[in-house]
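These notes are about the structure you will find just below.
The values are calculated or read from the model by the stated rules, or taken from the named source; none is laboratory data. This structure is a prediction, so every number in the text was calculated from the model and none was measured. Note that we place each Cβ from the backbone using ideal geometry, even for glycine, and neighbour counts take in every protein chain shown. Heavy atoms of the whole protein, side chains included, go into the accessibility calculation; ligands, DNA and RNA do not. Shrake-Rupley method; radii C 1.70, N 1.55, O 1.52, S 1.80 Å.
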Amino acid sequence: MRVAYYGRYSSDLQDEVSIEDQLRLCAEYAEREGWTSDLQPYCDYGISGASMVNRAGIQGLLNDARANRFDVIVSESLDRLSRDPEDLHAIYKRVSFEGIKIHTLSEGLVNELHIGIKGTMGALFLKDLGDKTRRGQRGRVEAGKSSGGKAYGYDIPKKLNADGDLIKGERTINLEEADTITEIFNRYASGESPRAIAVALNKRGLEGPTGKGWGPSTINGNKTRGTGILNNELYIGRMVWNRLKYIKDPSTGRRVSRLNDERDWVLQEVPELRIVSDELWEAVKTRQKRQANGKTGAGRKKNNCYARRPKYLLSGLVKCGECSGAMVSVGSTYYGCGKAKDKGMCSNRRTIKREVVESMVLDCLEHHLLNKHSFDAFCDAYTKRINTIRQEKNTTLNSAKAEIKQNTRNQDKLVDALLDGIPAERVKEKLSALEARKKELEYIVANTEEQPVLLHPGLANVYKERISSLAKSLTGDPERQPQTADLLRSVIDQITLTPTPEGHEAPYFVDIEGALAGILNLALRVDEQRERPLETSDLPSSITMVAGVGFEPTTFRL
């Protein structure tokens, strides 16, 4: 039996010794069972078990399970693999399909009963832990102490009580940072914009709350959510707790904030932590209100379903090649580096007309996608890929059906053995395992549709129609442009503008990254070598042009 070890600890307050202890105990367990391992242990350090996202260790374990690199997984307990019932069931289902067993020090050989009970217990543990944490935080807030985290303008002193334990929740004013806060409030109240304030602070080399440079959003924040320097009520001696709640997005594993009902907020006066006077605070709030009223005047359309769409075709996709920051609108017709404009933290002061970048992308569509060779190549590559996926699904389905037949034959043999006088205790466990596996296979068969290896004969015409419609929509009817722009943006991950060397005839190299780049590369390969069979697996996902020179194959840096 080839064994794979998995270990995880969830908190930064723990250390790697925790995993070393887990792996040592797992190795002792495997040795007693007579199992061997020549694989490196799979580990996740300081990562919660509430999600499988961003856990390289568990993902590597599952990938190697598919590659049949081991026969059994050994871990300290099931909650090391996951505390989420859905994820735990998915792990068990996937490795069981590969014929791999899971053994833990706590549960022994894992079966469906363990998955159901331990998965539920793990979820309840996380909920109970969250409730206890919030209860403890509220108690601290009501005692006038910090509930956690470090706010800009304050230090966390290290004080010990009579027993020598660290006193938690204390805060003291950082005089140097307090002066910066007061300066920000005064400059904003006197009419300066958050952008101008950020640039001035960065020029002096002052670090922001995250230890990096200042930005307009760091200062302005969101008034409703209480974020940003100008909205932190702690600066007027008022602590607000439970304004926001944080929930993990199951698809990304990242926490997203939600605004709580104001009735659930907890307010506590802490006058000893005041930095800003009431008069200065009110002056800032008055200007914020005036600014907000100006943005929501009578001329602004309400309930516009496209109000939050990107204003321009490539908004949010264009990045600076010098600092990797966003390229933003400069004036009404140009792109420029946002860090150079808003923070003064980038040397790239060049600008480029927005229509130049957009026209290059549209030229890609017009000259390299709308030709017979391109959509023929697309259809060939698409057909191969789709049919490969369908064949893989059918292989899984056929394999499951074949295993069900073999499973039934094996059960019949065990029944015959019982009838021939073999003691029941010798075959009972094997018979139960076969029955459990059969149910799992029957579930797979019932929920997997057989995929016909077919493709619509008019795919080439569909391709031509869609691409033609896309190009016309982007340059034609303005009412259709927002929806069609979304389609184009879905095949572009990023456009990077890198300044060209001094004396170059064009200001920027323009890199397109994403699916569109792959299609363009495919089209160019067809144009250059039409007689040679295409291999699409090694096509690069980025392609580079020179702004202003023209869109020709010679301008690509492949």
(message) If I filter region 166-175 for residues that are of a type outside the set (S, T, N, Q), assigned to a strand (DSSP E or B) and at pLDDT 90 or above, do I get at least one hit?
(response) yes
(message) So for region 219-227 (the condition being surrounded by 19 or more Cβ atoms within 10 Å (Cβ to Cβ), over 30 Å from Arg55 (Cα atoms), under 31 Å from the mean Cα position of the chain (by Cα) and of a type in the set (Gly, Ala, Ser)), does at least one residue qualify?
(response) no
(message) Is it the case, given these coordinates, that Asp79 is touching a residue at least 60 places away in the same chain (Cβ under 8 Å) and under 25 Å from Glu31 (Cβ atoms)?
(response) no
(message) Looking at region 6-22, I want the residues that are farther than 14 Å from Asp79 by Cβ and surrounded by fewer than 22 Cβ atoms within 10 Å (Cβ to Cβ) and have a partner that is modelled with pLDDT of 65 or more and not hydrophobic (A, V, I, L, M, F, W, C) with Cβ atoms under 7 Å, at least 6 apart or on another chain. Which pairs are those?
(response) Asp12/Gly46; Glu16/Tyr45
(request) Output yes when any residue across region 173-183 is within 19 Å of Pro271 (Cα to Cα) and under 28 Å from the mean Cα position of the chain (by Cα), and no when none is. (result) no
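Mind checking which residues of region 64-122 are in a loop (DSSP other than H, G, I, E, B) and under 17 Å from Glu440 (Cβ atoms)? Break it down into steps so the answer makes sense when it comes.
The initial filter retains those residues of region 64-122 that are in a loop (DSSP other than H, G, I, E, B), namely 67-71, 76-77, 82-84, 98-100, 105-107, 110-111.
Glu98, Gly99, Ile100, Val110, Asn111 - these are the residues of region 64-122 that are in a loop (DSSP other than H, G, I, E, B) and under 17 Å from Glu440 (Cβ atoms).
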(message) Which residue is farthest from the chain's Cα centre (by Cα), if the candidates are limited to region 200-215 and must be within 26 Å of Glu282 (Cβ to Cβ) and surrounded by 19 or more Cβ atoms within 10 Å (Cβ to Cβ)?
(response) Leu201
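Within region 55-62, does at least one residue satisfy the condition of being assigned to a loop (DSSP other than H, G, I, E, B) and of a type in the set (Val, Ile, Thr)?
no
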(request) Take region 182-199 and flag every residue that is touching a residue at least 60 places away in the same chain (Cβ under 8 Å), open to solvent by less than 70 Å² (accessible area, probe 1.4 Å) and touching a helix residue (DSSP H, G or I) at 6+ places or on another chain (Cβ under 7 Å). (result) Phe185, Tyr188, Ala189, Ala198, Val199
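Residue under question is Gly149, and the condition is that it be under 30 Å from Ile47 (Cα atoms), assigned to a helix (DSSP H, G or I) and at pLDDT below 85; does it hold? Before you say what the answer is, go through the steps one by one.
On the way: under 30 Å from Ile47 (Cα atoms): yes; assigned to a helix (DSSP H, G or I): no; at pLDDT below 85: yes.
So Gly149 does not fit the description; no.
Of everything in region 23-55 that's among the charged types (D, E, K, R) and farther than 26 Å from Lys248 by Cβ, which residue is most open to solvent (accessible area, probe 1.4 Å)?
From region 23-55, those among the charged types (D, E, K, R) are 24, 28, 31-33, 38, 44, 55; that's our starting set.
Okay, now just the ones that are also farther than 26 Å from Lys248 by Cβ, so 24, 28, 31-33, 38.
Details: Arg24: 120, Glu28: 79, Glu31: 141, Arg32: 169, Glu33: 94, Asp38: 142 Å².
In this case the residue turns out to be Arg32.
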(request) Run Lys341 past the list (1) open to solvent by 50 Å² or more (accessible area, probe 1.4 Å); (2) outside any loop (DSSP other than H, G, I, E, B); (3) touching a helix residue (DSSP H, G or I) at 6+ places or on another chain (Cβ under 8 Å); (4) at pLDDT 85 or above and report the number of the one that doesn't hold. (result) (4)
(message) Could you tell me how many of the residues in region 56-71 are open to solvent by less than 50 Å² (accessible area, probe 1.4 Å) and in contact (Cβ under 8 Å) with a residue 24 or more places away in the chain?
(response) 8
(message) Suppose we filter Glu429, Glu450, Glu465, Glu442 for residues that are closer than 23 Å to Phe97 by Cβ, out of contact with any Phe, Trp or Tyr (no Cβ under 8 Å at 6 or more places or on another chain) and at pLDDT below 70; which single one remains?
(response) Glu450
(request) Test each condition in (1) open to solvent by less than 80 Å² (accessible area, probe 1.4 Å); (2) over 30 Å from Asp87 (Cβ atoms); (3) aliphatic (A, V, I, L, M); (4) assigned to a strand (DSSP E or B) for Val256 and report the one that comes out false. (result) (2)
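Taking the options Lys118, Lys132, name whichever one is touching a helix residue (DSSP H, G or I) at 6+ places or on another chain (Cβ under 9 Å) and at pLDDT 80 or above. Steps first, answer last, please.
Values: Lys132 fails: touching a helix residue (DSSP H, G or I) at 6+ places or on another chain (Cβ under 9 Å).
When all the criteria are applied, what remains is Lys118.
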(request) Examine region 108-116 for a residue that is without any contact (Cβ under 8 Å) to a residue 60 or more places away in the chain, surrounded by fewer than 22 Cβ atoms within 10 Å (Cβ to Cβ) and more than 26 Å from Glu28 (Cα to Cα), and state whether such a residue exists. (result) yes
